[in-house]
């Protein structure tokens, strides 16, 4: 009888992250895109826990008023009785899962008591922590109270699992283990706090990795609280996972534990029925990028858009971690190679990363506006000429071609002449589309390397220090459309625990450059032999120095520029064909394994 009872136990999963209904960075993408695959497996027994911020929740959250609709709702009711502000409802993303959001601001009064308990019970130092860390501490405690209450009510009739992402969700995790709460706990770190700091500040970080003292470094960078939370979460979870083998090495040193499993990140991949459809999208969005390039470069000089390739890089502004330094060095070398060869191809490199700025550069906006005016004038002339040509031809008695100049009104001739006059300039096209608050590594390099959009340069730079969205007056595209319109994504990161940007290229059929120090590049090398043939180029940063890596990358880019259009189209097809490998319906199984293992390790 006992075995029958066991098999009938329900399985319930809670997934906890600071970025549920709260878009801050890459983990939002991980969680949001994984939802449909998780709902497919867990159905009604899958819940997400996150913080409540009214501004963000208002567009993504739909409340459920009937708290009796599920065991999770009943625990929300209990917490409301206890005086906590908790919101229960649906997250309005694909899969529409149920979420429990904790109003952190409303419980800040408990902060000092929570901090006292953290020191007493776990020796976590929390003196003079910044506001964000204080919010995280309160959030972690509310998660702990919720899960402990849920287990109290349901652990006898259900196997409960909790999947924590990152230290920001996990300050309450050690307390769950201390109180022996009947929940199987998995903790996933997507990047270690210390790894991110050290990689951008210490030369040869990976070679020195085994010799770091985590506590000493945490004190040095002023992140003792965060690093301690992360370490305790890793040590107290039944199962520890990370997103790549690259980060697994950091976990051993900084968190004191080798991960049980690697859980690589995926996306919710949408494949088109007709193979040519994604090629059509590329052409459509490339035309929109053409428009920007016309407005940006052609007032100064022109080049053949049919012989122009669009490269891009994007991500958080971490100059060396994200490989912006290597990308620019490789582009400078590529430019030299193309000039030496006398090539008539042009490469426009878009660098998209958020940096503080005052406003969009006035000249950049002005040339874009004049381009629109030019287009409007030409369309009006075209219409006028078309109508008059038709009438003249239909009523004419001879077979001669009429003089088209006679069909254009003086008004439109004058307007066109004036527009062209205000359109042309002797200035070089701007390297940066916005007025930056201060110079940075990118502008500094471009100036020193004289990569400043000279007419003879075959590599042009467009640095866009803001997100790309459809409301953006320069492009009129959202980020996904912009990616599709480009020919190559460039991401040779030095420190990148996973790397969503190259993966986003792959699922949109865009060839991409990555590195063997990024989790994505490392994973590709493990699962695929002929990755370069499929349009994924991996730069060797493990054993090559900076200059060697820049040379390798310049060679790869040069080879790409020399490819025939037909070959590039075939490569786009091959890239798009492997996107299924990264669909969450396939990669979810890694998380399934982690949760099963955690249940086995949970004490009965």
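The values are calculated or read from the model by the stated rules, or taken from the named source; none is laboratory data. Just so it is clear, the structure is predicted and the values come from calculations on it, not from any experiment. Here the Cβ is made from the backbone with ideal geometry for all residues, glycine too, and neighbour counts use every protein chain on show.
Considering each residue of the range 101-128, count those that are touching a residue at least 60 places away in the same chain (Cβ under 8 Å) and surrounded by 19 or more Cβ atoms within 10 Å (Cβ to Cβ), and give that number.
So the count comes out to 3.
Would you please name the residue that is modelled with the highest pLDDT, looking only at residues in the range 266-294 that are part of a helix (DSSP H, G or I) and closer than 18 Å to residue 578 by Cα?
My answer is 282.
Which one of these is in a helix (DSSP H, G or I), within 21 Å of residue 257 (Cβ to Cβ), in contact (Cβ under 8 Å) with a residue 24 or more places away in the chain and within 28 Å of the chain's Cα centre (by Cα): 218, 162, 191?
When all the criteria are applied, what remains is 218.
Could you check the range 54-72 and list, in sequence order, the residues that are surrounded by 16 or more Cβ atoms within 10 Å (Cβ to Cβ) and under 20 Å from residue 152 (Cβ atoms)? It would help to see each step written out before you state the result.
If we filter the range 54-72 for residues that are surrounded by 16 or more Cβ atoms within 10 Å (Cβ to Cβ), which is where we start, we get 56-57, 60-61, 64, 67, 70-72.
67, 70, 71, 72 - these are the residues of the range 54-72 that are surrounded by 16 or more Cβ atoms within 10 Å (Cβ to Cβ) and under 20 Å from residue 152 (Cβ atoms).
Given the criteria surrounded by fewer than 16 Cβ atoms within 10 Å (Cβ to Cβ) and not in a loop (DSSP other than H, G, I, E, B), does residue 547 qualify?
Spelling it out, residue 547 is indeed surrounded by fewer than 16 Cβ atoms within 10 Å (Cβ to Cβ) and not in a loop (DSSP other than H, G, I, E, B).
Could you please give the count of residues in the range 510-539 that are out of contact with any strand residue (DSSP E or B) (no Cβ under 8 Å at 6 or more places or on another chain) and in a loop (DSSP other than H, G, I, E, B)?
So the count comes out to 4.
In the range 44-59, what count of residues is obtained for those that are modelled with pLDDT of 90 or more and either in a helix (DSSP H, G or I) or farther than 12 Å from residue 97 by Cβ (or both)?
5
Condition first: without any contact (Cβ under 8 Å) to a residue 24 or more places away in the chain and within 14 Å of the chain's Cα centre (by Cα). Can you find one or more residues in the range 462-474 that meet it?
The answer is yes; a qualifying residue exists.
Only one of (1) farther than 27 Å from residue 587 by Cα; (2) under 27 Å from the mean Cα position of the chain (by Cα); (3) outside any helix (DSSP H, G or I) is not met by residue 181, so which one is it?
(2)
Here's a check for you: in the range 109-138, which residue that is touching a helix residue (DSSP H, G or I) at 6+ places or on another chain (Cβ under 6 Å) and in a loop (DSSP other than H, G, I, E, B) is nearest to residue 175 (Cα to Cα)?
If we take residues in the range 109-138 being touching a helix residue (DSSP H, G or I) at 6+ places or on another chain (Cβ under 6 Å) and in a loop (DSSP other than H, G, I, E, B), then 124 is nearest to residue 175 (Cα to Cα).
Can residue 235 be described as modelled with pLDDT of 95 or more, surrounded by fewer than 17 Cβ atoms within 10 Å (Cβ to Cβ) and assigned by TED's automatic domain parsing to the domain that holds residue 141?
So residue 235 fits the description; yes.
State whether one or more residues within the range 6-22 are part of a helix (DSSP H, G or I) and in the same structural domain as residue 168 (by TED's automatic domain parsing).
Checking the range 6-22: at least one residue is part of a helix (DSSP H, G or I) and in the same structural domain as residue 168 (by TED's automatic domain parsing).
Scan the range 160-180 for residues that are surrounded by fewer than 19 Cβ atoms within 10 Å (Cβ to Cβ) and either in contact with a helix residue (DSSP H, G or I) (Cβ under 7 Å, 6 or more places away or on another chain) or under 17 Å from residue 19 (Cα atoms) (or both) and report the count.
So the count comes out to 3.
From the list 541, 534, 601, pick out the single residue that is more than 26 Å from residue 482 (Cα to Cα), in contact with a helix residue (DSSP H, G or I) (Cβ under 6 Å, 6 or more places away or on another chain) and touching a residue at least 24 places away in the same chain (Cβ under 8 Å).
541
Might you check whether a residue that is in the same structural domain as residue 129 (by TED's automatic domain parsing), within 28 Å of residue 133 (Cβ to Cβ) and touching a helix residue (DSSP H, G or I) at 6+ places or on another chain (Cβ under 6 Å) occurs anywhere in the range 64-73?
No: zero hits.
Okay, residues lined up against (1) assigned by TED's automatic domain parsing to the domain that holds residue 488; (2) surrounded by 15 or more Cβ atoms within 10 Å (Cβ to Cβ); (3) part of a strand (DSSP E or B); (4) on the phi > 0 side of the Ramachandran plot:
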{"site": "296", "(1), (2), (3), (4)": "yes, yes, no, no"}
{"site": "303", "(1), (2), (3), (4)": "yes, yes, no, no"}
{"site": "310", "(1), (2), (3), (4)": "yes, yes, yes, no"}
{"site": "313", "(1), (2), (3), (4)": "yes, yes, yes, no"}
{"site": "327", "(1), (2), (3), (4)": "yes, yes, no, no"}
{"site": "330", "(1), (2), (3), (4)": "yes, yes, no, no"}
{"site": "337", "(1), (2), (3), (4)": "yes, yes, no, no"}
{"site": "343", "(1), (2), (3), (4)": "yes, yes, no, no"}
{"site": "354", "(1), (2), (3), (4)": "yes, no, no, no"}
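Conditions (1) touching a residue at least 40 places away in the same chain (Cβ under 8 Å); (2) in contact with a strand residue (DSSP E or B) (Cβ under 7 Å, 6 or more places away or on another chain), marked per residue:
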site: 281; (1), (2): yes, no
site: 288; (1), (2): yes, no
site: 335; (1), (2): yes, yes
site: 339; (1), (2): yes, no
site: 346; (1), (2): yes, yes
site: 369; (1), (2): no, no
site: 373; (1), (2): yes, no
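Taking residue 245 as meeting all but one of (1) surrounded by fewer than 16 Cβ atoms within 10 Å (Cβ to Cβ); (2) in contact with a strand residue (DSSP E or B) (Cβ under 8 Å, 6 or more places away or on another chain); (3) farther than 19 Å from residue 517 by Cβ, write down the number of the exception.
(3)
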